[in-house]
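Inspection log for the structure reproduced underneath, given as structure tokens.
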Amino acid sequence: MINFEYARAGDVADALRLIADDSAAKFVAGGTNLIDLMKMDVERPRKVIDINRLPLNQIENTPNGGLRIGALVRNTDLAYHPLVEQHYPVLASAIMAGASQQLRNVASTGGNLLQRTRCHYFYDTATPCNKREPGSGCSAIHGHNRMHAILGASEACIAVHPSDMCVALAILEAKVHVAGASGDRVIAFADFHRLPGNTPQRDTNLNASEIITAVELPPQGFSKNYTYLKIRDRLSYAFALVSVAVGLELDGETIKEACFALGGVAHRPWRDRQAEAALNGQPANAATFARAADALLSDAKGYEHNRFKIDLARRCLVRALTQAAHGTPQLQSSKKIM
Ligand SMILES: Cc1cc2nc3c(=O)[nH]c(=O)nc-3n(C[C@H](O)[C@H](O)[C@H](O)COP(=O)(O)OP(=O)(O)OC[C@H]3O[C@@H](n4cnc5c(N)ncnc54)[C@H](O)[C@@H]3O)c2cc1C
Ligand code: SF4
């Protein structure tokens, strides 16, 4: 048993004061990732700061027609919120594709962004892992790497970010609102998660003493032509081998705007603005979508056990773009289970 201190914050200022006191402290929200990591001895916070009583569980319209989602809004409440179902159905679909109903009932918006990789070596303290112990090596590069990255990896780490929700947030161009001792700031979603480079221990550009307060969505939600497609080893309760979020704005059969991101393939949701821009003004057909997929995956590199992901990702993207262009109704769970 490794001892740790428990503290409960009453408001954001209190949470910031508590974390500033101790560089080895961690916030806990739903606890569905942090507590597992503590049990497995991967994370050893000296102090756990419970933020569940902070007033950050509202979903509100913003003056510009977007949505502000408090960091403590639970994944279930977000997926089933009428404004999300109506205006941002790709986000609802992505959330419902993740974890299980019980987990989604407690997992928070902020915690989902900050969940750590599911690389099995990261969880196994008997093996070297640069993310867990910088400088110790990467067991996955020459080990079992079926679930690992095909884009944006480095010699130091080939892990992927496991979130489904974040893939949808990437195409929605969300902004992450953050509070810290030196004030509040807003981080564009594209700048929130990092590539591993030489510092795989840092998943995001959030500083250790900062707290996520909200995620903001702009008005554009692609509610007519969207898809979230997740390919995994079993139909539910499994992380993505490859996932795709797609949003299209169409003028008849011509593409006005296209946004697409891959999940399960890189250390962050993977977008390529050039590949997206190349679709503008093009007919929404199979040939166009195949070109987009080739462009998105042109730099992909596989490892011993995951080369299949390159072709899988290509085919997923073509299928997701085709479904989105046709406005194919998306599968969503229809009943809220508490
Ligand atoms: C068995 C299992 C299967 C899963 N399957 C999937 C899946 O298929 N797809 C998927 O996307 N996810 C999946 N998940 C992951 C799940 O979605 C995350 O564990 C969850 O979203 C984390 O949210 P939480 O509130 O519980 O975070 P916590 O565990 O409380 O915290 C996670 C991290 O975030 C930090 N943190 C939390 N809130 C804040 C904040 N506001 N500001 C700053 N730091 C904060 C904590 O310090 C901690 O480091 C699965 C989890 C489990 C256990
Ligand atoms: S891929 Fe990253 S998380 Fe996995 S063993 Fe290598 S360094 Fe660790």
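The values are calculated or read from the model by the stated rules, or taken from the named source; none is laboratory data. Computed from a predicted structure; not experimentally measured. A quick note on method: Cβ atoms are made from the backbone with ideal geometry, for glycine too, and the neighbour counts reach across all protein chains shown. Quick note on the areas: whole protein, heavy atoms, side chains included, nothing else; ligands and nucleic acids left out. Shrake-Rupley method; radii C 1.70, N 1.55, O 1.52, S 1.80 Å.
Look through Gly264, Gly281 and report the one residue that is surrounded by 13 or more Cβ atoms within 10 Å (Cβ to Cβ) and on the phi > 0 side of the Ramachandran plot. Of Gly264, Gly281, the one residue that is surrounded by 13 or more Cβ atoms within 10 Å (Cβ to Cβ) and on the phi > 0 side of the Ramachandran plot is Gly264. Within the range 112-124, is there a residue that is within 16 Å of ligand 2 (Cβ to nearest atom), touching a Phe, Trp or Tyr at 6+ places or on another chain (Cβ under 8 Å) and farther than 22 Å from Thr227 by Cβ? Checking the range 112-124: at least one residue is within 16 Å of ligand 2 (Cβ to nearest atom), touching a Phe, Trp or Tyr at 6+ places or on another chain (Cβ under 8 Å) and farther than 22 Å from Thr227 by Cβ. Within the range 125-140, the residues that satisfy the criterion of being without any contact (Cβ under 8 Å) to a residue 60 or more places away in the chain and more than 8 Å from ligand 2 (Cβ to nearest atom) are Ala126, Glu133, Gly135, Ser136.
Residues of the range 26-42 that are over 15 Å from Lys131 (Cα atoms) and near ligand 1 (Cβ under 9 Å from one of its atoms): Lys26, Phe27, Val28, Ala29, Gly30, Gly31, Thr32, Asn33, Leu34, Ile35, Asp36. Give the residue that is nearest to Pro55 (Cα to Cα), with candidates limited to residues of the range 193-213 that are part of a loop (DSSP other than H, G, I, E, B) and among the hydroxyl-bearing types (Ser, Thr, Tyr). Out of the qualifying residues, it is Ser209. A count restricted to the range 94-131 and to residues that are open to solvent by less than 10 Å² (accessible area, probe 1.4 Å) and of a type in the set (Phe, Trp, Tyr) stands at 1.
Screening the candidates Ala238, Ala208, Ala245 for the property of being hydrophobic (A, V, I, L, M, F, W, C) and either open to solvent by 30 Å² or more (accessible area, probe 1.4 Å) or within 16 Å of ligand 2 (Cβ to nearest atom) (or both) yields one hit, Ala208. Considering the conditions (1) in a strand (DSSP E or B); (2) away from ligand 1 (no atom under 16 Å from the Cβ), Ala261 is excluded by exactly one of them, (2).
Applying the set (1) more than 11 Å from ligand 1 (Cβ to nearest atom); (2) more than 19 Å from Ala238 (Cβ to Cβ) to Ala140 leaves exactly one unmet item: (2).
Consider the range 222-235 and keep the residues that are in contact with a strand residue (DSSP E or B) (Cβ under 8 Å, 6 or more places away or on another chain) and not basic (Lys, Arg). The one that is nearest to ligand 2 (Cβ to nearest atom) is Ile231.
Residues are listed down the side, and each one gets a yes or a no for (1) on the phi > 0 side of the Ramachandran plot; (2) outside any strand (DSSP E or B); (3) buried (at least 16 other Cβ atoms within 10 Å of the Cβ):
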position	(1), (2), (3)
Ala15	no, yes, yes
Met38	no, yes, yes
Ile49	no, no, yes
Pro55	no, yes, no
Glu60	no, no, no
Pro63	no, yes, no
Thr76	no, yes, yes
Ala92	no, yes, yes
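Residues that are in a strand (DSSP E or B) and either β-branched (Val, Ile, Thr) or open to solvent by 10 Å² or more (accessible area, probe 1.4 Å) (or both) within the range 137-179 comprise Cys138, Lys175, Val176, His177, Val178, listed in sequence order.
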